[in-house]
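Undergrad: The structure's right below; bear with me while I get my questions together.
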Amino acid sequence: MRLLLVEDEKKLLNFLVQGLQEQHYAVDTADNGDDGLHWGLNFAYDVIVLDIMLPGKNGYEVCRELRNQRIITPVLMLTARDTVDDRVLGLDSGADDYLVKPFAFRELLARLRALARRDSYQKSTTLTVRDLVLDTISRTARRGEAVIDLSTKEYALLEMLMRHPNQVLSRATIAEHLWNYQDAPDSNVVDVYIRYLRKKIDDDHDEKVIRTVRGTGYQLVDPDQA
C-alpha cells in the first residue's frame, strides 16, 4: 500500500516513516499543508495520514480541499487536540478516522488496516483466495499447508492482488501503489516481481492463481468471487 504522511514534527515523521516502511508501506512525506495538498491531489494513495497543526494550510483545510476536488482517498487525522469539538471538526472536514497524539504505533497500524478493509469485499484481517491465505496482522502467507516466505515488495504485491480479486490491475496501477515517488521503479520491475511471486505461490501447484492479461496487466483469479 502507498501512503502519504503529512507531519511537520521531524522526529515523529522519521519514526513513522521507518516503522511504516518496515510494515511494507510505500511512504511519501510532506512537512507542510501546501505540499501535502499538492501530493494528495496529484498522486494516487491508499491512505493519507494528515496532521492538523501544519505550516501553511492546516489539516482541516487540506482535507476539505481534497474532498472538494473529489479525492476520496481515506484520510486519518493525527493531532494533539482531543476535545469532542476538535474530533467533530476533523470528521466534518472529510476525515475518515481520527487518532490523538501520543498514540501507540500498533494502534496506528490497526487503524490503517481498518481503512484498507473498507473498500475490500473481504472484511476480515485474513485474506483468502482458494487455498491461498494472507494474514495482514502477522504479515504471513501460506498456500495450503505450506508457509510462503515473502520479501517486503512481494508481500505488498500479493496483498494488493488479493484485495482486488478478478480485477485486472495494470502495471502502472501496481507500480504507483507499491512504490513511493522517490523509488519509482523501472518499466519492467512489476513483471519481475510477478515472476518472483509466481515462483513462490504457483509453480508447485496445478491450479494457478495469478493470470497475465496480455497487453493490460495481471489479476488474481478467484472463481468464488466471479
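The values are calculated or read from the model by the stated rules, or taken from the named source; none is laboratory data. Keep in mind the model is a prediction, meaning the values are calculated, not measured. Because the Cβ atoms are built from the backbone with ideal geometry, glycine has one as well, and the counts that use them run over all protein chains shown.
Undergrad: Check residue 59 against each of (1) of a type in the set (Gly, Ala, Ser); (2) farther than 14 Å from residue 95 by Cβ; (3) surrounded by 17 or more Cβ atoms within 10 Å (Cβ to Cβ) and name the one condition it does not meet.
TA: In the conditions (1) of a type in the set (Gly, Ala, Ser); (2) farther than 14 Å from residue 95 by Cβ; (3) surrounded by 17 or more Cβ atoms within 10 Å (Cβ to Cβ), residue 59 misses (2) alone.
Undergrad: Which of the residues belonging to region 136-162 are acidic (Asp, Glu) and either touching a Gly at 6+ places or on another chain (Cβ under 7 Å) or surrounded by 14 or more Cβ atoms within 10 Å (Cβ to Cβ) (or both)?
TA: 154, 159
Undergrad: Further, regarding this structure: Restricting to region 46-83, name every residue that is farther than 21 Å from residue 181 by Cα and among the aliphatic types (A, V, I, L, M).
TA: Selection gives 52, 53, 54, 77, 78, 80.
Undergrad: May I ask you to say which residue of 112, 132 is buried (at least 16 other Cβ atoms within 10 Å of the Cβ), under 20 Å from residue 18 (Cβ atoms) and in contact with a strand residue (DSSP E or B) (Cβ under 9 Å, 6 or more places away or on another chain)?
TA: It is 112.
Undergrad: With under 30 Å from residue 36 (Cβ atoms) and not in a helix (DSSP H, G or I) as the only criterion, which of 181, 193, 218, 155 stands out?
TA: Answer to the check: 181.
Undergrad: Residue 37: buried (at least 18 other Cβ atoms within 10 Å of the Cβ), outside the structural domain of residue 169 (by TED's automatic domain parsing), at negative phi and out of contact with any strand residue (DSSP E or B) (no Cβ under 8 Å at 6 or more places or on another chain), yes or no?
TA: Yes.
Undergrad: Hey, another quick one. Could you tell me whether residue 216 is closer than 16 Å to residue 169 by Cβ, modelled with pLDDT of 85 or more and out of contact with any Lys or Arg (no Cβ under 9 Å at 6 or more places or on another chain)?
TA: no
Undergrad: Now for a different question. What residue, of 154, 145, 159, is in contact with a helix residue (DSSP H, G or I) (Cβ under 7 Å, 6 or more places away or on another chain), closer than 18 Å to residue 202 by Cβ and either among the charged types (D, E, K, R) or modelled with pLDDT under 90 (or both)?
TA: Result of the check over 154, 145, 159: 154.
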